[in-house]
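Working notes, structure below.
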Amino acid sequence: MTDFYSYEPKNGHGLPHDPFNAIVGPRPIGWISTQSKTGVVNLAPYSFFNAFNYVPPIIGFSSVGYKDTIKNVEETGEFVWNLVTFDLLGQMNQSCFSYPPEVSEFDAAGLTKAQSSLVTPPRVAEAKVAFECKCTEIIQLKRISGERVPTWLVLGEVVEVHISKSLLKDGVYETAEAGHVLRAGGPADYFTVGKEQLVKLRRPESA
């Protein structure tokens, strides 16, 4: 199989940049707002994010390293997911910076806080979609050996959904109209979603 580059991750990939993130992608971005017990609001993007259940709706994100977001969710049990669209790409990127815990990324990135309905952390007012969530599980990941790794998976039930009416056409959410931004791995790669990528394919009704 000389046409394949193969490696065991435990021994390193031997490439200029780890290909794992680029292969498992592009991925939706978990732009997560939380609030500490003392009232400091935090906003951070996570590239390991996705949805895991329909009813009830459950989403999850993974933090490599124990960060303010994980601490806040552990303390309060609440978080908000905010949709990253192309018009917010620069502000999302600014919120990546490692600010001190007392600094709110909302202020640093010039974003507006919008009051949530059922949870304490605010949502990003400029985001076209937001999910208010209550945490259901926080899991520290493990190796095959059972050794814990410094990565935490947060799962939460969506208890309130906010959607800009501009994205609802005859009651159907139009993904291609929203300008979703996706993380693609590599040092700085992102993708956007538009009508040119849209393919409609219904499930077969019979075998």
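Quick look at the numbers
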| quantity | calculated |
| --- | --- |
| Size of charge dipole - the range 13-197 - debye, nearest 20, with Cβ of Lys, Arg +1 and Asp, Glu -1, no other charges | 240 |
| GluC sites (Glu not before Pro) lying in DSSP loop within the range 111-207, provided at most 12 other Cβ fall within 10 Å | GLU147, GLU205 |
| Charge dipole of the chain about the Cα centre (unit charges at C-beta), most positive-ward option of SER145, THR76, LEU88 | SER145 |
| Cβ-placed point charges (K, R +1; D, E -1), dipole of the range 24-106 about Cα centre in debye, nearest 20 | 180 |
| Loop trypsin sites (Lys or Arg not before Pro), the range 28-114 (other Cβ atoms within 10 Å of the site Cβ: 10 or fewer; DSSP) | LYS37 |
| Spin-label model distance (nm) - ARG203 vs ILE138, 7 Å beyond Cα toward Cβ | 3.5 |
| Inter-centroid distance (Cα atoms) of the range 36-110 relative to the range 125-204, Å | 12 |
| Kirkwood estimate for the chain, i.e. one over the average of 1/r between Cα atoms, Å | 18.6 |
| Computed magnitude of the charge dipole of the range 148-207 (debye, nearest 20; Cβ of K, R +1, Cβ of D, E -1) | 140 |
| Globularity index of the range 94-134, i.e. its alpha-carbon radius of gyration over 2.2 N^0.38 Å | 1.22 |
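Rule-based calculations on the coordinates, nothing more; no lab input. Given the structure is predicted, the values throughout are model-derived calculations rather than measurements. Quick reminder, even Gly has a Cβ in these numbers, built from the backbone with ideal geometry, and neighbours come from all protein chains shown.
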